[in-house]
Amino acid sequence: MAKLTGKKVAFLATDGVEEVEYTQPRSAVEQAGAVVELVSTKQGSIQAVSHMDKSHTYPVDRLVFDADPDEYDGLVIPGGVANPDRLRTDPTAVRFVRSFFEAHKPVAAICHGPWLLVEADVVRGRTVTSWPSLRTDLSNAGASWVDEPVHTDNGLVTSRKPDDLPAFCGELVEQLAAGRHAHQHA
C-alpha cells in the first residue's frame, strides 16, 4: 500500500452519511499515514447512518466555509442517501468540491456521493460509477456511467456501494499517493 505521510485529506460529510462509507475509507487513508479532517456544513458532530438507521455520531473538525481547499491534498465524499443530497444544496460545499478539480487534486466519491459531483458540474466527459439510481443523473450531467466496483478517471475515483469498499479504499490510497493529475479538470 502506498504511503501518504505528509498528506492531508478532507472528508466532506454531514448528517445522513453512510457510516461504513466514512469510517472504512478514513481508516485506510489514516493507516497509510495521512492526516484526515472531517469537513461539514454543521458544527459539533454529524449523525451517521447504517442503511437508514441512526448509528454513531462523529466530531466535525472544520466547517466547510472555514476550510481552505489549498490545505488538502485530496477530497473524499462518502455516500448515504441524505448526506450528498443535503450537501449539494449548500453552495459553499459545492464550491469546495469544485475547487479540488480546479487544482487537479484527487477526489473520491462512493455510492450516492457523486450527486455532489453532478451539482459541482465536474463529471462532464468523464467515466464514473455510483449507486445505480444515480446513473440517469450522471448521464444527464455529461458522464459515461459504468457498472464497476471502482472506476478511476484522471484522479477521480468512484465506487458503487459498501460491498465495493475494499477496491475503493485501495484505489483511493493509490490516487492520493499519486498526487495531482494534470488531466483532472473542472
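Each value in this text was obtained by applying a stated rule to the coordinates, not by laboratory testing. Since the structure is predicted, the reported quantities are computational estimates derived from the model, not experimental observations. Heads up, the Cβs are rebuilt from the backbone with ideal geometry, glycines too, and the neighbour counts pull from every protein chain shown.
At q = 0.16, 0.17 Å⁻¹, what log₁₀ I(q)/I(0) does the range 8-178 have when each alpha carbon counts as one equal point scatterer in the Debye sum? Debye curve over Cα of the range 8-178, log10 I(q)/I(0) at q = 0.16, 0.17 Å⁻¹: -0.82, -0.94.
Projecting the Cα atoms of ALA10, SER99, VAL60 onto the dipole axis of the chain, where Lys and Arg carry +1 and Asp and Glu carry -1 at the beta carbon, places SER99 farthest toward the positive end.
Quick check: Cα centre of the range 125-186 to Cα centre of the range 1-32, how many Å? That distance is 16 Å.
Among HIS51, HIS104, HIS112, the largest mean-square fluctuation in a Gaussian network model of the chain (Cα springs under 10 Å) belongs to HIS51. Given axes a ≥ b ≥ c from the Cα gyration tensor, I'd like to know whether the range 104-186 is rounded (a/c under 1.5), prolate (a/b larger than b/c) or oblate. It is oblate, given that a/c is not under 1.5 and a/b is not larger than b/c.
Under a model in which nothing but the beta-carbon of Lys, Arg (+1) and Asp, Glu (-1) is charged, the chain shows a dipole of about 200 debye around its Cα centre. Take every pair of alpha-carbon atoms less than 8 Å apart whose residues are at least six positions apart; their mean separation over the length of the chain yields a relative contact order of 22 percent.
Stretched out straight at 0.36 nm per residue, the stretch from GLU174 to PHE65 would grow longer than its current Cα-Cα span by 36.4 nm.
Among beta bridges from DSSP that stay inside the range 8-178, the antiparallel ones total about 30%. In straight-distance terms, cross-link reach from LYS54 covers every one of the aspartates and glutamates whose alpha-carbon lies under 15 Å from its own, apart from those fewer than eight places away in the same chain; here that gives ASP15, GLU18, GLU19, GLU21. Helical runs (DSSP H, four residues minimum) scored at -39500 (n - 2.57) apiece and divided by the length of the chain put the mean residue ellipticity at 222 nm at -9000 deg cm²/dmol.
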